[in-house]
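Read through the structure below, which is laid out as structure tokens, and then see the notes.
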Amino acid sequence: MKHVGKFVLRAAKEKGMSLRALARESGVSNSYLSQVTRGLFTPAPDVLIKLSPHLGITPEKMFEEAGWLKPKTPKRAKAKKK
């Protein structure tokens, strides 16, 4: 399983948001969020869903980072036949 906590921490920093602010805005406790970002455990899906809008990230992307979904790959354009 990937370390989704590092992803959450990086995303929060990119938004200029502290973990405390993210916890307050998302309704996830600060201590829980701290444990997630330190890699002590992987958050439940409902927690990732709560965090995603505050980080500007889709829940699907959060699930990819947690290793629960395979990343979507762009479809290749079909070559035209002549």
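On the given criteria, is L22 assigned to a helix (DSSP H, G or I) and within 13 Å of the chain's Cα centre (by Cα)? Criteria met by L22. Whenever a residue of segment 24-41 is of a type in the set (G, A, S), its partners that are surrounded by 14 or more Cβ atoms within 10 Å (Cβ to Cβ) and part of a loop (DSSP other than H, G, I, E, B), lying with C-beta atoms within less than 9 angstrom and at least six residues away or across chains, give the pairs G39/H3. Of all residues in segment 48-57, exactly one satisfies the criterion of being within 8 Å of the chain's Cα centre (by Cα) and without any contact (Cβ under 8 Å) to a residue 40 or more places away in the chain, namely S52.
Read-outs throughout are calculated quantities, based only on the coordinates presented, and are distinct from any laboratory measurement. Bear in mind the structure is a predicted one, so any value in this text is a computation, not a measurement. As a convention, Cβ positions derive from the backbone with ideal geometry for all residues, glycine included, and neighbour counts pool all protein chains shown.
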